1. Working out 0.36 nm times the residue gap between VAL402 and GLU592, then minus their Cα-Cα distance, what length gain in nm do you get to one decimal?
2. If I stretch the segment between TRP767 and ARG305 completely, what's the gain in nm (0.36 nm per residue apart, minus their alpha carbon distance), one decimal?
3. If each residue of separation counts as 0.36 nm, what is the full-extension length gain between GLU326 and GLU525 once their alpha-carbon separation is subtracted?
4. Quick check on my link table: of LYS488/LYS617; LYS488/LYS666; LYS617/LYS666, which ones sit more than 18 Å apart, alpha carbon to alpha carbon?
5. Name the residues whose placed amide hydrogens come within less than 5 Å of the amide hydrogen of THR596, ignoring near sequence neighbours (fewer than 5 apart) on the same chain.
6. So how do 604-610, 251-257, 282-288 stack up, highest first, on mean other-Cβ count within 10 Å?
7. Put a dot 7 Å past each Cα toward the Cβ at VAL297 and TRP419; how far apart are the dots in nm?
8. Could you check the simple spin-label distance between ALA584 and LEU552, using points 7 Å along Cα→Cβ, in nm with one decimal?
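We did not get these values from a lab; they are worked out from the coordinates using the rules stated. Predicted model only: the values in this text are computed from it and were never measured. Reconstructed Cβ throughout: ideal geometry from the backbone, glycine too, with neighbour counts over all protein chains shown.
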Amino acid sequence: MSAADEQHGSGGTQGLPADEGPHGQVKHSSASCRLDLPIEGMSCASCASRIERQLLAQPGVGSASVNFATRIATIHFTPGSATQHSLTRAVESIGFGVGASVDDASADHGQGSHHHHHGGLIGGSGGGDNAALREARSLLWRTIIGALFALPLVVIAMSHGAIPLLNRPGTEWVQCLLATPVLFWCGAPIFRSAWRAALHGSATMDTLVALGTGAAYLASLAATIHPEFFMTVLSSDQGGRAHGAPVYYEAAAVIIVLILLGRTLEARASHRTGEAIRRLVQLAPRTARVIRQGAEVEVPLDEVRAGDLVLVRPGEKIPVDGRVEEGASAVDESMLTGESVPVEKIIGATVFGATLNTTGALRVRATRVGAETTLQQIVRLVREAQGSKAPIARLADRISGVFVPIVMVVALGAGITWWFAAPDAVRLNMALVTAVSVLVIACPCALGLATPTAIMVGTGRGAERGILIRSGAALERAHQVNAVVFDKTGTLTEGRPALAEIHPMPGWSEASLLAIAASAERRSEHPLAQAIVRASEAMGLILVEPEAFKALVGHGVQARVDGREVLIGRESLLREHGVATALAEQAGRLAEQGATPMFVAVDGAMAGVIAVADPVKSASPDAVATLRSMGVRVVMLTGDDRRTAASVARRVGVDEVVAEVLPEAKVAAVRSLQEERHIVAMVGDGINDAPALAQADVGMAIGTGTDIAIESAPITLMRGDPRLAAEAITLSRLTMRTIRQNLFWAFAYNTLGIPIAAGVLYPFTGWLLSPILASAAMALSSVSVVLNSLRLRRA
């Protein structure tokens, strides 16, 4: 047997130890715990920043990230130094509420590669989702009731005395009665949030809204109770009550309604950004049929235990990960791999929870249940990615953290300026309108939503396409990739040798030569021997058990089949046994093409040459061509010999090849590209690629569904399709473009809106932004950012 393919078989997709976490992946100590807490009462990005700062100040907390879009705080902490209770109290101490945890702290024990979810399945109808739905419904009702009260207020204000019925003494009191429930019931969450922040010496977006609408309401109430004072101030030169006392009830009420409307739309749109997780969770069946004490019983899914025998009928979803004990079928695994062609399953095959059994009945021995199933690990990965922060998000956080105090100073400055600069007749009006408008239009909501909504939709879309992105940092880094390094075996090739050609000598047919060679090789464990045996079985050839078998390490095998002496291996092996060899020209050509030629001799005479090769994946040439068209440099790394590597490179269209390298040399190859100022993505499928995956700027592990390499890289390509590497880079580029668009509009909106609201244009154009228009613009900016992010769902 030839040993030319010594490097073959990279050992499946294996995990990296946590302390070798790849670039862009948060690394934690060997005993760190992860906790996801749903936060209640957040109204803007500056709230998220405050909670982060508070959590990071707690002893034992290694990292804390608060996602404004999902309303979830993700905390990594050291058990003993901190607890869920102490962290919850820390959040509540600054005025925010905490719901039931999304899933209990998952500890990274030992190597740090196992996440224990004591809370059962991840992402079911958990506290986070229910709280979000309750909040959305409450917002909707407050908006509807507020709108019903605000509508007559607008009619009264807009009539300007043209309707006699609405121009009677006491109309101001009617407006006050209509505005009060809008402010103090509909707008109660806003005022509560602002009060909590004030008690803790800070300011949020709700502070801006509460100050603006509260000032408008109180000024109006004062004018209603004591109209003479306000008319004296405003109209001292006219000395009469001809114009009535100025009131702003409709502005205060409409601002509250518009902000509630914006938040309702935002909550609905944000809920849609989390649909990827909900769709994944809903794939799992609710119940399973198991054999208990010899009888078939239907039990809820969470009562299935590892080791149970589960029955799956045609057309049903497989409830757990397991091994087929009885039956044969084709299983649709498209939800897991994105691959539409069903996969044949026979006894001994591995099946995955939530995949669809199509044709035959199966009995499956459960191996992984609950949070350990492949589906639930995917859900966990997607949730982690959506909860993580891309570096670009920190820019928005820093800005929103200092934004609110600056806005309050600007609003106060605008009010004071116009109090002194405006004519007496409109002094109070100008001061109040500009101050309220600045406070309302400056709400940095769009800023806080710009990044997390795009990351949520981007990672969700990736999961649907079979691309698992572990973190926002990996998603952001991937858009800069300009060099992709592919491992050869199992990534660009199938990773399993197959029969390539048969060249029999005169007197032998292809079938007879293959049958005697396969019979001789039946006891060999070598991948090339297995390829010959598989090919003969596929052709339906009858094999016999060898009477004697001897593996000649590095050379081939010697066996006796049906009383005949058989030698298979290198040309040199046959020569050593005194066999005259032929077909050297064919053997040389096959070697040039990357195949391994094996010479076969029977009873001391040459019988023919059988060639085995690792076939190139049909998608590999497409993958390379796509990357090159995107301006990405493509390099192939392999431990194989140069001739085989060159042959594969020619067939897939790669110009640069580094062959005959050990795992350490793969790291050096990646590093040398990085030294040339390249941002490098490494695409590999096995443990021998793990060091290079860690060295690369972005590691992409090819998982075939059997073992998803969940811990080995920040991006996992679920199918064995190398084209997903190009898709991952494209998805990253689209997501980053969306984030940049979102941030541009959020910044531009606030930069332009605040000066206009402060009245900068008034001396030149006489144009002043009304608080109502300011609140409409603010709500619109938030919704537009979320809708722009949702466009990624069609990417």
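1. Numbers: separation 190, 0.36 × 190 = 68.40 nm, distance 6.59 nm.
Full-extension gain reported as 61.8 nm.
2. Full extension from TRP767 to ARG305 adds 159.3 nm.
3. Stretched out fully, the GLU326 to GLU525 stretch lengthens by 69.0 nm.
4. LYS617/LYS666
5. Hits under the 5 Å cutoff: VAL612, ALA613.
6. The packing order, highest mean first, is 251-257, 604-610, 282-288.
7. 7.6 nm
8. The answer from the label model is 1.8 nm.
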